[in-house]
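Presented below is the structure to which this report refers.
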Amino acid sequence: MAPRSLLRIALGVTALLLPAAVLGGAAAATPGDDTPLMWRVPVTGNQAAQLVSAGFDVAESGGDGSVFVVGNQTTATVLRQLGYQPTVHDTIYKDLPSAAEQRSLAGDTFYGGYHTVPAQEAHLRQVASAHPDLATTYDVGDSWLKTKSKGGHDIQAICLTKKQSGDCELTTNSKKPKFVLIAQIHAREIATGELAWRWIDYLANGYGSDSQVKSILDSTEVWVVPIANPDGVDIVASGGNSPKMQRKNADNSRGGCTGTDVGIDLNRNSTFHWGGDSNSPCDETYQGQVKGSEPEVKGLESFFRAIYPVQRGTGDNDPAPDTARGTMITLHSYGNDIIVPWGWTEDPSPNDKALRALGQKMAAGNGYVVDTNGGTVGYMTTGTTDDFTYGVLGVASYTIEVGPSSGGCGGFFPQFSCLDSKFWPEMKGAFTAAAVAAGAPYRQ
C-alpha cells in the first residue's frame, strides 16, 4: 500500500468554515434505525479538517484525495448539501453465518462469534487457572460506569511468562523485559480483542510444544489487556448482529449527547501532548475537558508506570537509549498499517530509524505500511496511548491498524471468520517480533 499524504485534521480550522446552520446537526443527523455505510468523500485543501470539525465520523484517509465517512443516507444528503460528492465505499455490516451456524455459537458471543466482555473476563480466569505456572491476572483500573456505581467493569490484564521468583509483578525492576499488547480501546474495533484472545491462547497453550513460544516465555513477560474500554464494548455488543458504532467510553457527563455519540475518546485523553483534538463532546475524537480525566486512561497509565521504568528524558528530542527495554502495541482497526511515533506532530521521533526497523520486522509477514500518521491513517492525533508509553517511558511503541477498508474482512465489523483466515495469520508474526525484541527494541 502506498503511503498516504497527511490530511491536517485539526479542530481549530479557521479558513473556509462551513455554514453554521448546516453544521448544527451534521454528525447527529442519523436516524437510530438507519443502516450506516462507509462513504468515500473526495476532498481538497482543508475540507477534511472541516468535516471533522463539523462532527462527521471521519474514519481515515482514502489515499487518493478522499476520506472515508461513516454515516447513513441522511449523512450523505447533508454532505451533498454542503457541496461534497459522497459515494458508497462499502457496507459497515458484513454477511453473517447461516442461522444454523449461529445457533451453535456460545451464548456469550455476538455478530457471528465475537466475544462479549464477560466472555473475555472469563477467558482470562480460565487461562490463569489452567496454567498457574505461566499466567497471572491483574485488575489495573476501573471503567467509567464502575466508578459511578452503575455496573461497569475492572480493566483486566494477564501476564504470561514461565514464572520464576519476581516475575509478573507490578515492578519496574523485573529481570525480564516486557511486551504489552492492548486492544479495543476503541470499542467498535472488534477484531482487536479477538486477536488478543488468540495471542493469549497461542502462548499459554504452546509452551510445551512450540519452541518459539517457549523461548519467548522463558525470557520475556508478555502482558495483555484484551479489552481496554469494556463499557464501550458492552454498548457495541448490545446491538447483537448489528453491533452499535460506539467508539468512546460510556462517560455521558458532558454535552447532552445521545446514542453512540456519548463518551470520551480514550485514545485522545492520555496525558502526553494532550489537547489538539476535539473539544466538542459529541464528536468521535472528543478528548475530554482535561488530560487523563477518564478512569480507563488513569488505570492504563498507572499500569504502564508500574511495570516500565522511565528510560528517556523529558524533552521531545531526547532519544531513548539503545539499552532501553520494552515494547508496546495498541491494536486498532483498520488500515493495514504499523504506525510509529509521533502522533501529535509530523516531526519524526528521536528514535525514528530504530522504531521503523522493528516495525519492518513486524510487517514482514503481513506487508503492512510502516510509517508515522502522515504516511498511514492520514491525520495527526494527540493524547494517544503509544505517544505516552514512548514519550514518557521510552518504550518502543506502535499502533497497528488491522485489516483493509472494504470487503468481508474490511472496516470496523469484519466477518468473524476473518480472524482465523486472515487477521491471526497476519498478526501472529507481528506480535512475536515485538515480544522477541522486547529486550533490545532499539537494536534490531
- Query: Could you name the aspartates and glutamates in cross-link range of residue 361, using Cα to Cα under 19 Å and dropping any fewer than eight places away on the same chain?
  - Reply: 322, 337, 352, 371, 386, 401, 426
- Query: Can you list the lysines whose alpha carbon sits under 21 Å from that of residue 148, skipping same-chain ones fewer than 8 residues off?
  - Reply: 248, 291, 298
- Query: Could you give the distance between the Cα centres of region 57-102 and region 118-156, to the whole Å?
  - Reply: 34
- Query: Once the Cα atoms of region 167-268 are picked out, what are the Rg and Dmax in Å?
  - Reply: 17.3, 54
- Compute the distance in nm between two label points, each set 7 Å from the Cα along the Cα-to-Cβ direction, one at residue 169 and one at residue 96. 4.9
- Could you list 331, 79 in order of exposure, starting from the residue whose Cβ has the fewest other Cβ atoms within 10 Å? 79, 331
- Message: Compute, for the chain, the length of the dipole vector about the Cα centre, with Cβ point charges of +1 (Lys, Arg) and -1 (Asp, Glu) only. Units Debye, rounded to 20.
- Response: 420
- Note on the structure: Under the rule rounded for a/c under 1.5, else prolate if a/b exceeds b/c, else oblate, using alpha carbon gyration tensor axes a ≥ b ≥ c, the chain is classed as prolate
- Task: For residue 302 and residue 122, compute 0.36 nm times the residue count separating them, minus their Cα-Cα distance, and round to one decimal in nm.
- Result: 62.4 nm
- Task: Would you calculate the separation in nanometres between label points at residue 214 and residue 290, each defined as 7 Å from the Cα along the Cα-to-beta-carbon direction?
- Result: 5.3
- Which of the lysines could a cross-linker span from residue 163 if the Cα-Cα distance has to be under 25 Å and same-chain partners fewer than 8 positions apart are dropped? 175, 176, 178, 214, 428
- Show that you can apply the helix-only estimate: for the chain, add -39,500 (n - 2.57) for every DSSP H stretch of four or more residues, divide by all residues, and state [θ] at 222 nm to the nearest 500. -8000 deg cm²/dmol
- Message: How far apart, in nanometres, would the label points at residue 443 and residue 44 be if each is projected 7 angstrom from Cα along the Cα-to-Cβ direction?
- Response: 5.3
- Within the chain, what percent of beta bridges assigned by DSSP are antiparallel, to the nearest 5? 60
- Task: Enumerate the residues in region 101-125 having an amide nitrogen under 13 Å from the point lying 7 Å beyond the Cα of residue 241 toward its Cβ.
- Result: 101-105, 110-113
- With the dipole of region 109-439 defined by +1 on each Lys or Arg Cβ and -1 on each Asp or Glu Cβ, the option from 270, 211, 323 whose Cα lies farthest towards the positive pole is 211
- Note on the structure: Counting only residues 5 or more apart in sequence or on a different chain, those whose built amide H sits under 5 Å from that of residue 141 are 155
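No lab work stands behind these numbers, since they all come straight from the coordinates. Computed from a prediction, not measured in an experiment: that's the story for all the values here. Reconstructed Cβ throughout: ideal geometry from the backbone, glycine too, with neighbour counts over all protein chains shown.
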